[in-house]
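Undergrad: Just passing along the structure, written as structure tokens.
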Amino acid sequence: MAPQSRPSARFRPNDLVDFVIVGSGAAGGIIAKELSTAGHTVVVLEQGPRLTERQFDHDEFGTFMRGHNINDPATQPHTFRPTPQQPAKQRQVLVYGRLVGGSNAHFTGNFWRMRPSDFNEASRLGGIRGTGLADWPVTYEELEPYYTKAEWELGVSGEPGPFDPPRSRPYPMPPLPVKSSGVLFERGARALGLHPQPSQMAINSRTYNGRPACQHCGFCLIFMCEFRAKSTSMAVMLPIAEATGRCEIRPNSYVAQVELGSDGRATGVTYFDAEKRMQRQRAKAVVLSANGSETPRLLLNSASSRFPQGLANSSGMVGKHLMFNTYFEVNAQFEQPLNEYKSVQNTRMVLDFYETDPKRGFYGGGGIDARFGRYPITFALEGLPRDAPTWGEGFARELGRQFPRTMAFGCHGTSLPLETNSITLDPTLKDAWGLPCIRTTYTDHPDDLKNAAFLGGHATDIAHAAGALKVWAAPVVAQTLAVHLLGTCRMGNEPRTSVVDRYHRTHDVRNLFICDGSSMVTSSRGQPTETISALAFRAGEHIADFAKRGEI
Amino acid sequence: MAAGAAWAAADLFDVEDALAFASQQTSANVATQTRALTPAQADVVSALTSRILPAVDGRPGAAQAGALSFIDRALATFNAAQRPLYTDGIADLNRRAQAKVSGAAGFTSLTSGQQDEVIREIEATPFFQAVRLDTIVGTFALPSWGGNRDYTGWHLLGLEHQMTFQPPFGYYDADVNRRN
């Protein structure tokens, strides 16, 4: 059905709507579309503003250093400690998109399916002592139709690689044009007997459903696409939801609590509007899609006499098993210009090291892709090798010479779920709305760092085999900055060890659902967005069915 | 799904719009008068930015990009907390210049070689690190922040600011993209 250009719905907070959804990102946008097209009334509350394409920019300084369009440490500070034994200090560790569209609006576009092997690693590997590694309550086969739905409804460019899981439909669009980094990557990988393949990207390689092909401006990573060529919730799902006339996207709405009635059912949410006035949106059911840090915080901030340790937290698992994914880069300089500042982040990758191999002696796997990952300021600050001059003629000369000649090999890896890696409430720090702030506790499992170093070694080999003049990498160290926020309200069949069931319904509250990165049981191989999207399509369908059958 | 086609086509932010928007953004606001720094302090900071990122090989440097305008505007607004660091650092630089060359009025009266020698003395100080960071930001941040006049900084890197490119993008993909 083509969306009609009728004005979107407007509800008053006192109206009893069918669903209130907290968050408008990868999951929230898809669920809003699924529920509203199924005939339900929906209010989506988004803490950030609503921006139009005309307000997007390529402002590296504003985005990276002044907090534009991301969670703002000035008003939303949070604290960090590596382990529970250490004091937590104020520090920006978690970064997410704070606008209508969420982090999905500024994501790079990498769109990887997980494989059947991802869903039952715990039982196949016999578990890993000291970790919370668990099987998913769904299989790849159950999720496959929703991966396909995500690829076709959103719009994905790619072609199957040699290790891809079974798929019921081909990719809707061919791969994007290869960049120089991709050509070099392919050359190096093939020389080593690896299997390079085109990167699978949620970016249009041709006109798709009325949205244009990528124009190759080069500002995908952490920027929004002016052309709507990036296949995001913001560009694709929210317009369809609004066109139903049953869905309202309400920006600048900072949710404080999920409210619970005396019967133990959610009655809606309280939130601060743009003027910081407390409002209450009544709803028959509540869906949380606020990301893997804000969703658990909201539950913990919604503690009550019935749920003293946090709403829907009878298991004690809310906030636990936080996973960041590991990300490390190997950098390389080549003789001729690559001009990596043009076009999408990456066009070639290898997934040869995807599977956990017990022979390596550690858990984990991942992918390596050809990318750049730098804009002008970040390149000047950290794009040259460590032995390069840092000021003066030599510095200026090297910046000018190497900016077009540099690429990176991005290593995307697993994180093991650990109970001690968590989102909790800071006992003293409050945000600008007076709400308790997030306290993050995180230390990579040793296997995660071994896996990152393992991938980095292969990336180094590929760079040399590609003919790089110079290859270097920063040492693999514990991560203290995260954009992937996963695992903190994990799915499971067992109410004692998980927060939501296989349909994303919380075990504790019948009309409270959670679907976002927090649902993930394992971390994926470093690119979780397609799995979050598939889970959201599946959750949206089931939740709509439950509503239809009176089972909410 | 065919959804969205009619709706999106009617309201599409198209290529021409994007290009027009991008060209509006190139008009930089260059401060003609400093707001936070005195003229004498501004001369020292300007000289520093020229030594940190000098014009070489026919390419522009931080001075041509107007990094000073960014630095001054930042010190007058969101970076006001660093004004004492700048004031003290500039005074220290002038004292060091006078100690190095008797009769020198200050840092700006040294030759660039002598300036580099003084900079090497203070390379590790918070002051120099701040000026280095601000010089880089002032050279490469969007012109709307006050520096990077007419995208001069991006020219230094060989980066053309366009909203659209077509393949081939670089040397190594030229053959394969011309074939396709």
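The values are calculated or read from the model by the stated rules, or taken from the named source; none is laboratory data. Quantities reported herein were computed from a predicted structural model and do not represent experimental measurements. In this analysis, Cβ positions are derived from the backbone assuming ideal geometry, glycine residues included, and neighbour counts consider all displayed protein chains. Accessible surface areas use protein heavy atoms only, side chains included; no ligands, DNA or RNA. Shrake-Rupley method; radii C 1.70, N 1.55, O 1.52, S 1.80 Å.
Undergrad: Tell me, please, whether a residue that is open to solvent by less than 70 Å² (accessible area, probe 1.4 Å), part of a helix (DSSP H, G or I) and either of a type in the set (Lys, Arg) or away from every other protein chain (no Cβ under 14 Å) (or both) can be found in region B:126-138.
TA: yes
Undergrad: Mind checking which strands (runs of 3 or more DSSP E) fall wholly inside region A:417-525 and carry at least 3 residues that are under 27 Å from A:Gln333 (Cα atoms)?
TA: Answer list for region A:417-525: A:470-473.
Undergrad: Shifting gears a bit: Does region A:291-300 include one or more residues that are more than 24 Å from the chain's Cα centre (by Cα) and open to solvent by 10 Å² or more (accessible area, probe 1.4 Å)?
TA: No, region A:291-300 has no match at all.
Undergrad: When you check A:Phe227 against the structure, is it outside any helix (DSSP H, G or I) and of a type outside the set (D, E, K, R), yes or no?
TA: Against the criterion (outside any helix (DSSP H, G or I) and of a type outside the set (D, E, K, R)), A:Phe227 qualifies.
Undergrad: So, one more: Take the conditions more than 24 Å from A:Asp369 (Cβ to Cβ) and touching a Leu at 6+ places or on another chain (Cβ under 6 Å) and apply them to A:Thr506. Does it pass?
TA: yes
Undergrad: Another question, if that's okay. Taking interchain pairs and intrachain pairs at least six residues apart, which have beta carbon atoms under 7 angstrom, with the first residue in region A:183-198 and within 14 Å of another protein chain (Cβ to nearest Cβ) and within 24 Å of A:Val156 (Cα to Cα) and the second assigned to a helix (DSSP H, G or I) and charged (D, E, K, R)?
TA: From residues that are within 14 Å of another protein chain (Cβ to nearest Cβ) and within 24 Å of A:Val156 (Cα to Cα), the pairs are A:Pro196/A:Glu186; A:Pro196/A:Arg190.
Undergrad: Considering only region B:145-153, I want to know if a residue exists there that is at the interface with chain A (Cβ under 8 Å from one of its Cβ atoms), open to solvent by less than 10 Å² (accessible area, probe 1.4 Å) and at pLDDT 95 or above.
TA: Yes: region B:145-153 contains one or more residues that are at the interface with chain A (Cβ under 8 Å from one of its Cβ atoms), open to solvent by less than 10 Å² (accessible area, probe 1.4 Å) and at pLDDT 95 or above.
Undergrad: Restricted to region A:330-365, and to residues that are in contact with an Asp or Glu (Cβ under 6 Å, 6 or more places away or on another chain) and away from every other protein chain (no Cβ under 14 Å), which residue is surrounded by the fewest Cβ atoms within 10 Å (Cβ to Cβ)?
TA: A:Phe362
Undergrad: In region A:211-243, which residues are open to solvent by 20 Å² or more (accessible area, probe 1.4 Å), facing chain B (nearest Cβ under 9 Å) and touching a His at 6+ places or on another chain (Cβ under 9 Å)?
TA: Answer for region A:211-243, where residues must be open to solvent by 20 Å² or more (accessible area, probe 1.4 Å), facing chain B (nearest Cβ under 9 Å) and touching a His at 6+ places or on another chain (Cβ under 9 Å): there is none.
Undergrad: Which of the numbered conditions does B:Phe165 fail, given that it passes all the others? Conditions: (1) in contact with a His (Cβ under 7 Å, 6 or more places away or on another chain); (2) in contact (Cβ under 8 Å) with a residue 24 or more places away in the chain; (3) within 8 Å of chain A (Cβ to nearest Cβ).
TA: Answer for B:Phe165: the failing condition is (2).
Undergrad: Please verify whether B:Asn177 is open to solvent by less than 30 Å² (accessible area, probe 1.4 Å) and within 7 Å of chain A (Cβ to nearest Cβ), treating the condition exactly as stated.
TA: For B:Asn177, the condition - open to solvent by less than 30 Å² (accessible area, probe 1.4 Å) and within 7 Å of chain A (Cβ to nearest Cβ) - is met.
Undergrad: Only residues that are part of a loop (DSSP other than H, G, I, E, B) and surrounded by 23 or more Cβ atoms within 10 Å (Cβ to Cβ): list them for region B:62-77, please.
TA: Residue satisfying the conditions is B:Gly66 alone.
Undergrad: Moving on to the next point. Quick test for you: out of A:Ala370, A:Ala432, A:Ala396, pick the one residue that is away from chain B (no Cβ under 13 Å) and among the aliphatic types (A, V, I, L, M).
TA: Step by step, each of A:Ala370, A:Ala432, A:Ala396 is checked, and only A:Ala432 is away from chain B (no Cβ under 13 Å) and among the aliphatic types (A, V, I, L, M).
Undergrad: In addition: Examine region A:201-210 for a residue that is in a loop (DSSP other than H, G, I, E, B), in contact with a Phe, Trp or Tyr (Cβ under 9 Å, 6 or more places away or on another chain), farther than 30 Å from A:Val95 by Cα and facing chain B (nearest Cβ under 9 Å), and state whether such a residue exists.
TA: yes
Undergrad: Next question, about the same structure. Does region A:325-345 contain any residue that is among the basic types (Lys, Arg) and within 30 Å of A:Gly188 (Cα to Cα)?
TA: yes
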